[in-house]
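Step one of this worksheet: look at the structure below.
The values are calculated or read from the model by the stated rules, or taken from the named source; none is laboratory data. Here the structure is a predicted model, which means the values were calculated and not measured. Here the Cβ is made from the backbone with ideal geometry for all residues, glycine too, and neighbour counts use every protein chain on show. Note: accessible area is taken over every heavy atom of the protein model, side chains too, but ligands, DNA and RNA are not part of it. Shrake-Rupley method; radii C 1.70, N 1.55, O 1.52, S 1.80 Å.
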Amino acid sequence: MPTRRLRSLAAPLIAACLLPLAATPLQAAELSPAQAQYLASLQARTKSLKLAQSDAWRALLHYKVHPLTRTDRSLADDADFFNSPEGATDPEAELQATLAAFFDPTPARALEQTASCRFIGRYEWLNETLSFDPSLLPKPTCQRYDQWRSGLNAVSATLVFPAAYLNSPASMYGHTFLRLDPPAGPNGSAHNPLLSYAINYAANGNEAEGLAFAFKGLMGLYPGQFTNSPYYLRIRDYNDLENRDIWEYDLNLSAQEMNRLLAHAWELGPTRFDYFFFDENCSYHLLALLDAARPGLRLTDQFTWRAIPIDTVRAVTETPGLLRRTHYRASNSTELRYRAELIGPERARTAKQLALGQQPVESLLASEPDAGIRARMLEVSERYLAYDATQRDLGPLVQSRRMQLLSARASLPAGATIEVPTPITPPQAGHGTARLDVLTGQRNGQATLQINARPAYHDLLDPEEGFQRGSAIQFFRLELSKTENGGLQLERLTPVDIVSLSPYDGLMSARSWRVRFGLTRSWAPRGALHTQQRKLAAEINGGPGWAVELNAGRSVMGYAFLDNQLWLDPALPKEKFAAGTGMAAGLLWDITPTWRVQAELYGRASLAAQPAESGARLDQRWKLNGQNNVVLQCQWRAREDQGTQRECMAGLQHYW
């Protein structure tokens with residue numbers, strides 16, 4: 001993000017000031033005359049081959065050209081990652097120092113390793129390129145690394161994308177990590193991916209801090225680190241506890257590329273990177289691993305200011321020859337909803353009552369004579385109980401109730417296997433996450449041109465193919481406007497705007513909520529000649545809500561929210577600060593597959609005799625193609641004793 005880019009402008013000066021206080025890398029061991037001569041020849045060869053500027057070396061050291069100063073710097077923020085005092089900003093100096101460090105047999109690096117083992121990825125690539133003479137530079141024995149590789153037993157890799165999770169600040173856009181898979185079993189039988197290991201990069205912070213966690217992540221105040229863990233634990237967290245669908249993208253990596261990936265992952269294990277929510281995040285650094293595995297990919301070069309997880313997935317899937325196949329793994333809640341749809345809403349409610357102990361299992365025989373349907377109802381009941389146990393504490397009786405349901409199910413015919421269908425549109429096929437709007441129309445009777453820019457991510461009117469239905473996440477939406485009689489001005493700046501619509505279906509608990517805060521133009525003073533005289537106001541808006549699908553085809557969704565608001569507004573007639581609450585209700589309607597309408601009404605009363613406010617809006621979107629829309633947006637607002645504000649705009653939207 002820009003904060004990291006600007007902060008790194010001062011890095012050379014800070015490094016120069018702190019250099020006398022920093023621990024410098026170990027000097028090379030005493031070398032024999034032959035070794036000293038050989039080291040000099042290796043260093044000369046690397047210069048003649050210009051290896052310091054090669055894709056492989058730059059990927060291994062995470063060097064990037066600063067977008068403002070156009071100078072090299074490494075994204076690693078750990079002094080132990082470098083062998084030269086200037087290694088963070090000088091690829092050539094680091095290469096020369098690394099070669100010298102390989103001649104030092106002292107195990108003084110992280111995890112009591114020699115430099116050759118600590119930087120095994122660099123050693124192996126330089127050995128491939130320069131063909132080290134083992135009599136002058138012996139091949140290192142790296143016991144810890146060999147044990148780690150043996151435990152992983154990995155021969156292939158899969159990029160894993162758990163879908164967005166709005167209840168976690170770190171995963172609102174989704175998340176990515178790598179799964180490392182072992183070879184096929186005896187007679188070519190497929191391995192069980194649950195027994196694989198995963199490599200993950202994440203902020204070393206506490207998500208329970210909520211907005212503080214998000215702020216620190218935006219500002220790079222958390223260290224980010226690579227870790228590995230069994231894949232089944234990731235499945236438990238994402239699929240089972242957080243109920244997130246998972247997409248798995250098997251990568252087409254050769255044995256040599258897998259070796260490079262794992263060797264570089266070992267180098268990154270003890271290395272600290274400052275974690276930035278928008279750019280140097282989980283997804284960005286996984287692309288850096290792939291860049292090191294296949295030099296020349298330059299996947300990270302596509303992401304300078306922001307790296308949204310699904311955009312990084314799109315970069316991988318659109319790279320020729322990098323993707324082998326895709327697999328969809330439905331979450332517990334997705335599977336439960338699908339099974340409930342198969343038996344219908346009435347039977348699903350009965351299954352829920354069975355799970356909660358509100359009906360005895362024996363009563364099912366009298367109410368449902370078909371053994372096959374009874375079996376499906378018991379399956380829904382057992383799965384609902386397992387789901388509910390992840391959402392709240394059901395007490396010690398939950399396991400005995402599950403066993404009772406499973407026992408009743410076991411007494412019935414097996415039936416056909418039920419598999420949740422793979423969604424038609426995978427996440428990477430959805431619209432781009434950044435959007436630019438160009439609108440024209442009238443605001444309070446004056447011709448207005450408006451330009452909106454949004455770096456991320458999705459709103460309720462955007463085409464939802466590839467996105468979670470009912471979810472909207474927008475960060476740093478900027479709106480600029482110009483009237484016929486005025487200059488360009490800031491109309492609205494919204495750092496955070498999140499809406500989560502979870503339709504009530506009679507089976508699972510549904511929690512809808514929304515929150516928004518930022519700056520917006522307020523009312524024009526009475527008698528003002530034009531809207532240019534409107535002042536900027538600050539507002540915080542949000543509250544819990546409720547949503548429901550209004551038809552079987554899921555093309556119409558209704559919703560209502562408790563509409564709480566705090567605002568600091570120079571246009572208020574009394575105190576400039578006000579607090580109020582009210583209700584907002586709306587409708588999302590997909591009239592056709594390409595035409596969506598959102599209508600919303602709200603009314604809000606304020607405390608301390610501040611004016612009441614009400615309003616309505618009608619927005620329409622027509623999808624032209626995968627990256628372009630036509631929109632019509634109209635709204636009306638009224639504030640007691642301050643008149644009304646009206647606007648209607650039409651224009652084009654473009655995603656990228």
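What 222 nm value per residue comes from the helices of the chain, counting each DSSP H run with n ≥ 4 as -39,500 (n - 2.57) and dividing by all residues, nearest 500 deg cm²/dmol?
Taken over the chain, the calculation gives -8500 deg cm²/dmol.
I'd like the FRET efficiency for residue 641 and residue 552, computed as 1/(1 + (r/R0)^6) with the beta carbon distance as r and R0 of 56 Å, rounded to 0.05. Display every interim value, and only then the final one.
Details: r = 46 Å, r/R0 = 0.83.
So, using R0 = 56 Å, E works out to roughly 0.75.
Given a 1.4 Å probe and heavy atoms of the protein chains only, how would you sort 165, 387, largest accessible area at the top? Spell out each step's value before the answer.
Values: 165 50, 387 20 Å².
Most to least solvent-accessible, the answer reads 165, 387.
Roughly speaking, what is the stretch gain from residue 393 to residue 68, that is 0.36 nm per residue apart minus the C-alpha to C-alpha distance, in nm to one decimal? Mind dumping the intermediate values first?
On the way: separation 325, 0.36 × 325 = 117.00 nm, distance 5.25 nm.
Taking 0.36 nm per residue and subtracting the Cα distance, the gain is 111.8 nm.
Rounded to the nearest Å, what's the spacing between the alpha carbon centres of segment 338-375 and segment 533-563? Just the number, please.
34 Å
List the lysines whose Cα lies under 28 Å from the Cα of residue 482, skipping any in the same chain that are fewer than 8 positions away.
535, 576, 623
Roughly how many nanometres apart are two label points built 7 Å out from the Cα toward the Cβ at residue 155 and residue 229?
Placing both labels 7 Å beyond Cα along the Cβ direction yields 2.8 nm.
In nm, give the distance between the simple-model label positions of residue 365 and residue 204, each being 7 Å from the Cα along the Cα-to-Cβ direction.
It works out to 6.0 nm between the two label points.
Strictly greater than 17 Å: what percent of every Cα pair in segment 326-397 meets that?
Working: 1101 of 2556 pairs.
When all Cα pairs of segment 326-397 are counted, 43 percent exceed 17 Å.
Note the per residue figure in Å³ for the convex hull of the C-alpha positions in the chain. Mind dumping the intermediate values first?
Working: hull volume 132.5 nm³, N = 656.
Each residue corresponds to 202 Å³ of Cα convex hull volume.
Run the accessible area of the chain with a 1.4 Å probe and give the carbon-and-sulfur part as a rounded percent.
Values: 17230 of 29450 Å².
The computed percentage sits at 58.
Given a 1.4 angstrom probe, what's the average accessible area per residue across segment 55-172, in square angstrom? If you can, show how the numbers build up before the last one.
Working: 4490 Å² over 118 residues.
Averaged over the residues of segment 55-172, the accessible area is 38 Å².
Going by the alpha-carbon gyration tensor, a ≥ b ≥ c the square roots of its eigenvalues, is segment 271-331 rounded (a/c under 1.5) or, if a/c is not under 1.5, prolate (a/b greater than b/c) versus oblate?
Numbers: a/c = 1.79, a/b = 1.25, b/c = 1.43.
Oblate, because a/c is 1.5 or more while a/b does not exceed b/c.
Averaged over every viewing direction, what's the projected area of the C-alpha convex hull for segment 450-600? Give it in nm², one decimal, please.
On the way: hull surface 43.0 nm².
In nm², the orientation-averaged hull projection of segment 450-600 is 10.7.
Taking H as built 1.01 Å from N, whose amide H comes closer than 5 Å to the amide H of residue 647, not counting residues under 5 places away?
Amide H to amide H, under 5 Å and 5 or more residues apart or across chains, residue 647 pairs with 444, 635.
Quick one: 3J(HN,Hα) in Hz for segment 584-595, Karplus 6.51/-1.76/1.60 with θ = phi - 60°, rounded, Gly and Pro as x.
10, 9, x, 9, 10, 9, 8, 5, 9, x, 10, 10
Quote to one decimal, in nm, the extra length available between residue 564 and residue 416 on full extension: 0.36 nm per residue of separation minus the C-alpha distance between them.
Length difference between fully extended and current span is 48.3 nm.
Probe of 1.4 angstrom, ligands and nucleic acids ignored: what's the accessible area per residue over segment 264-358, in square angstrom?
Numbers: 3430 Å² over 95 residues.
About 36 Å² of surface per residue is accessible.
Quick one: which residues, 5 or more positions from residue 174 or on another chain, have an amide H under 5 Å from its amide H? H modelled 1.01 Å from N in the peptide plane, none for Pro or chain starts.
HN-HN under 5 Å from residue 174: 164, 165.
Work out which helices of the chain, taken as complete DSSP H runs, extend at least 24 Å along their axis over the Cα atoms and score a mean Kyte-Doolittle of -0.5 or more, then list them. Provide the component values of the computation, followed by the final result.
Values: long enough: 371-391 (30 Å, -0.31).
Answer set is 371-391.
When Rg is the radius of gyration of the Cα atoms in segment 46-199 and Rh is its Kirkwood radius, what does Rg/Rh come to?
Details: Rg = 19.1 Å, Rh = 18.4 Å.
Rounded to two decimals, Rg over Rh is 1.04.
Computed on alpha carbon atoms, what radius of gyration and Dmax characterise segment 547-656, expressed in Å?
Computed over the Cα atoms of segment 547-656, radius of gyration and Dmax are 17.1, 50 Å.
Starting from a Cα-only point model with no solvent, please compute log10 I(q)/I(0) by Debye for segment 343-467 at q = 0.18 1/Å.
Each listed q corresponds, in turn, to -0.97.
What's the extension gain from residue 581 to residue 493 if we count 0.36 nm per residue and subtract their Cα-Cα distance?
Working: separation 88, 0.36 × 88 = 31.68 nm, distance 2.24 nm.
Once the chain is fully extended between residue 581 and residue 493, it gains 29.4 nm.
Given a 1.4 angstrom probe, what's the average accessible area per residue across segment 538-656, in square angstrom?
On the way: 5830 Å² over 119 residues.
That works out to 49 Å² per residue.
Taking the convex hull of the alpha carbon atoms in segment 48-112, what volume per residue do you get, in Å³? Walk me through the numbers before you get to the answer.
Working: hull volume 6.2 nm³, N = 65.
Value for segment 48-112: 96 Å³ per residue.
Zone of residue 601 (label point 7 Å along Cα→Cβ, backbone N under 16 Å): which residues in segment 558-594?
Flagged as within label range: 558-563, 582-588.
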